[in-house]
Amino acid sequence: ADGTVDLTTELKGSEWAYTGALNFDVTDDLGVFARYTKGFLFPHFDDIREGANTVDGVRQVEAGLKYAGEWLNLYATAFYNKNDAFSSTVGGVLPPTAFKTRAYGVEIDGLVRFGSFSTGFIATVQDAEITDSTTASDIGNQVLRQPRWQARISPAYTLEAGPFEATLYGAVTLVGERFGDNANTVELPGYEKIDLGLLVNTQSGLFFQVHADNLNDSKGITEGDPRNPSAPNGRPIFGRSVMFSVGYDF
């Protein structure tokens, strides 16, 4: 703001990112897989401003099974990852922090079909922990904004009547408690969100849709204030809304 240059720097470097996977079909319906991934993140503006000019590493291992049957599709994946990270926010009350994390868990993703009725579902259970940090008191804490569990169930029913095909659908999203900071001093409560909608297609390609988002008007917070985690504000999910739309497929 005073017209002077406070910092000049030049960075140059190169890194390799790679992944490798194996897949084996046990039967026509059932398969197993495994994958290893190594990636990286170059420093960005806030890192350079604070002198943290290191390359952060990302490593992940995952393995699981996939099944595609007559009435059930299912993916089940176990994962383990390790990440290097750096946290700094302009105007924040917390000092810049370099830290490392590890997480392991299981994700289940599937779809069940019974005639005109179907239900999709996805759920993740994980344990994400800070394993090293320049702020020693953060070591062993839960990684900020990462819930131990979250899930979503989305049923749908389709009915055909003459030239019309109507699908009534809904979704219930559940998110567990999280923390707004790596110090785990600010808890973000869990929340439930309900959506409901109706989609009507016609043989001519014309369609109509009514969608109600966050029908229960949940007050969920996805993250706290990054500049001051103890501040009484955060980034909320949108409140209740209803949308009507008309379209044409051609």
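The values are calculated or read from the model by the stated rules, or taken from the named source; none is laboratory data. Keep in mind that what you see is a predicted model, and the values were worked out from it rather than measured. Quick reminder, even Gly has a Cβ in these numbers, built from the backbone with ideal geometry, and neighbours come from all protein chains shown. Each accessible area value is taken on the protein alone, full model and side chains, heavy atoms only, with ligands, DNA and RNA left out. Shrake-Rupley method; radii C 1.70, N 1.55, O 1.52, S 1.80 Å.
Rounded to the nearest 20 debye, what is the charge dipole size of region 68-171 about its Cα centre when +1 sits on each Lys and Arg Cβ and -1 on each Asp and Glu Cβ?
Charge dipole of region 68-171: 220 debye, to the nearest 20.
Testing the spin-label approximation: label points 7 Å from Cα along Cα→Cβ at M243 and F121. State their distance in nm.
Output for this residue pair reads 2.8 nm.
I'd like the distance separating the alpha-carbon centroids of region 174-250 and region 73-134, in whole Å.
Value for the Cα centre distance between the two parts: 19 Å.
Where the accessible area of region 147-250 is counted over protein heavy atoms with a 1.4 Å probe, how much of it, in %, is carbon and sulfur?
62 percent
Hey, got the dipole for region 1-126? About the Cα centre, +1 on K and R Cβ, -1 on D and E Cβ, debye to the nearest 20?
320 debye
In region 1-123, what percent of the accessible surface is made up of carbon and sulfur (1.4 Å probe, ligands and nucleic acids excluded)?
C and S fraction of accessible area: 59 percent.
Can you tell me the accessible area per residue over the chain, all protein chains present, probe 1.4 angstrom, in square angstrom?
63 Å²
Taking the Cβ-Cβ separation of N233 and L7 as r and a Förster radius of 30 Å, what is the calculated FRET efficiency to the nearest 0.05?
0.45
Can you tell me how much longer the chain between L30 and R59 gets when fully stretched, taken as 0.36 nm per residue apart minus their C-alpha distance, in nm with one decimal?
7.7 nm
Number of Lys-Lys pairs in region 1-153 under 24 Å by Cα, sequence gap 8 or more or different chains?
6
Just to verify a number: what accessible area does F42 come out at with the full protein assembly present, 1.4 Å probe, Å² rounded to tens?
So the heavy atoms of F42 present about 80 Å² to solvent.
Counting helices only, and only those DSSP H runs with n ≥ 4, report the 222 nm mean residue ellipticity of the chain as the sum of -39,500 (n - 2.57) divided by its residues, in deg cm²/dmol to the nearest 500.
Calculated mean residue ellipticity at 222 nm is -500 deg cm²/dmol.
Sequence-distant or interchain residues sharing an amide H contact under 5 Å with L188, placed H: which?
When sequence neighbours closer than 5 places are left aside, the close amide H contacts are R178, F179, G180.
Provide the net charge surrounding F208, with neighbours chosen by a C-beta distance below 13 Å and charges set as Lys +1, Arg +1, Asp -1, Glu -1.
-2
Can you match volume of the Cα convex hull per residue in Å³ to one of these, [x] 208; [y] 126; [z] 142, based on a calculation from the structure here?
Recomputing volume of the Cα convex hull per residue in Å³ here picks out [x].
Taking the Cα-to-Cβ direction at I153 and at T19 and moving 7 Å from each Cα, how far apart do the two end points lie in nm?
Taking the two extended label points, one gets 3.1 nm.
So if I place +1 on the C-beta of Lys and Arg and -1 on the C-beta of Asp and Glu, and nothing else carries charge, what would the dipole magnitude of the chain be about its Cα centre? I want it in debye, nearest 20.
Taking the Cα centre of the chain as origin, the dipole is about 200 debye.
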